[in-house]
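Values quoted throughout were computed directly from the atomic coordinates according to the rules given, and no laboratory measurement underlies them. The structure presented is a predicted model; accordingly, all values stated were derived computationally and were not measured. Positions of Cβ are backbone-derived with ideal geometry, glycine not excepted, and every protein chain shown enters the neighbour counts.
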Amino acid sequence: MKILFVSNLYPPNQVGGYEELCWTVASHLHADHGHEIAVLTSASGGRVADWPGQRVHQSLRLLTGRTVYDAFDGPPARRETIKAQNRAALQSAIQRTAPDVIFCWNLYGLDLSFYEALGRADPPVVVMLTDNWLASMIDPEAVGAFFRTVVNGSARQEDFAARGAVRQQQAAQVSAIFGAKFMKDFYSACGVTFARDEVIHNGVQLPAASTPRSYDRIADGATVRLLFAGRLVDIKGAHTAVEALLRLRSKRPGIDWRLSLVGDARDTAYLMRLRGIASEGGCLDRIDFRSPVAPEVLPDLFASHDMYVFPSLYEPFSLTLIHALASGIPTLASRVGGNVEIIRDGDTGLLFEKGDADGLTAAILRLVDTDGLINRLSTRGVAAAREFSRERMIAAMDAHLRDRVRRRT
């Protein structure tokens, strides 16, 4: 089977986990399932993609600024020219590769006309929805309402229903794979539905064997090393971890509390905010700011820390959270999005409310004060991580793609 992947970014040009996941799926669909792989992407980032068994075409142009974080600032005529060039690049890629199916991952930085051109293409199209990119194209007002009322407000995500959302079922030849049930519910609430869709939880490469940790009771004089790993941007909630650190030092001064913040720090305004919170609380010297690490380095990172905190305000489905469970590190996550599909509160980890530094502090102290809880969470977390293997995910995606091609013929 010939598969054309379409993605705004593709390794080695990447800024987050979805690009790495896209590359992983493409690589294994070729190596393990025998499919021919072509990729249509942009050259944003400036590095040339050259992967064994893949034909990568970097002919798309993103409607962004100097980086993908910057807004496009060109004149309207230039915008229209780029949009037309991207549609032409899509048609050219389809003609050159003659795919049996198109697997579309993320079109952020492109536009709705490009997605609509996909819907008119001859091969069936499968969209991989791990975040809100398509909903933002179709009905940005609905997505904006969600972020105002749920992510940055007090409304519950399960009660969210966008007012005035476009009730639009996508073209019959377009099906969806959702990386989490949360994403399926989110799209439905925003009025974007599909004749065929499926939830396939994202997965990671798990270690061949994981050994749960065995902890002694934490006492005064001990050093407790907390870890956050993710982009240092507001929506990932690292500020909640910093605020919790201040509270922990006040409530349990006999313990030497430390916090590592590991992630992309290109959002300099947010980085200054984090440093400001820490400086005002007198704990800047207790925080270690580190650069992102590759997935294969994560086990060593987790092994050098005592607890993993994941305080996102919005989180479709975190691969790093799965890596944390697999490592055996006791894990605490905000009760949002796909986190609740990974963590079972009190069983495989602890959940707290988003943005609630007091709640995170209480959860950490619960781990410290409850005999046997750390060891129980470690043991059950390791077992739960096996549900989210890379092999299971790719096999399910392969079956979905084959089904789409079979239905077409």
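Treating cross-link reach as a plain straight distance, find the aspartates and glutamates whose alpha-carbon is under 14 Å from the alpha-carbon of LYS251, omitting any fewer than eight places away in the same chain.
Candidates past the 8-residue exclusion: ASP220, GLU243, ASP358, ASP369.
Return the tail of the calculated pair distribution for the stretch 12-75, meaning the percent of Cα-Cα pairs more than 20 Å apart. The partial results should precede the final answer.
Details: 678 of 2016 pairs.
Of the Cα pairs, 34 percent sit more than 20 Å apart.
Give me the net charge of GLY17's neighbourhood, meaning all other residues with Cβ under 15 Å from the Cβ of GLY17; Lys, Arg count +1, Asp, Glu -1.
Values: positive: ARG231, LYS236, ARG390; negative: GLU19, GLU20, ASP131, ASP264, GLU296, GLU315.
Spelling it out: positives minus negatives among the neighbours equals -3.
Using the charge dipole of the chain (Lys, Arg: +1 at Cβ; Asp, Glu: -1 at Cβ; taken about the Cα centre), state which of PHE5, TYR69, PRO99 has its Cα farthest towards the positive end.
Selected residue: PRO99.
Most exposed first by the Cβ proxy, i.e. fewest other Cβ within 10 Å, how do TYR115, TYR215 rank? Let's see the in-between values first.
Values: TYR115 21, TYR215 15.
Sorted ascending by nearby Cβ count, the order is TYR215, TYR115.
Where a Cα-Cα gap under 23 Å defines reach, which lysines qualify for LYS181, not counting those fewer than 8 residues away within the same chain?
Within the straight-line cut-off, LYS181 pairs with LYS236, LYS354.
What is the angle, in °, between the Cα long axis of helix 268-280 and the longest principal axis of the Cα atoms in the chain? Nearest 10 is fine, range 0 to 90.
Long axis of 268-280 versus the principal axis of the chain: about 10 degrees.
Per 10 Å bin, what percent of the C-alpha pairs of the stretch 223-388 does each bin hold, from zero upward?
Whole-percent P(r) values from 0 Å outward: 11, 44, 38, 8, 0.
Based on other C-beta atoms within 10 Å, arrange ARG404, ARG55, ARG386 from fewest to most. Mind showing how you got there, number by number?
Numbers: ARG404 21, ARG55 16, ARG386 13.
Starting with the residue having the fewest Cβ neighbours, the order is ARG386, ARG55, ARG404.
Among GLU116, GLU80, GLU341, whose mean-square fluctuation peaks in a Gaussian network model of the chain (Cα, cutoff 10 Å)?
So, out of GLU116, GLU80, GLU341, the one fluctuating most is GLU80.
Which of TYR187, TYR270, TYR108 moves most in a GNM of the chain, Cα contacts under 10 Å?
Greatest mean-square fluctuation among the candidates belongs to TYR270.
Might you report the magnitude of the Cβ-based charge dipole of the chain about its Cα centre, with Lys and Arg at +1 and Asp and Glu at -1, to the nearest 20 debye? Provide the component values of the computation, followed by the final result.
On the way: 47 positive and 46 negative charges, 109 e Å.
Dipole size: approximately 520 debye.
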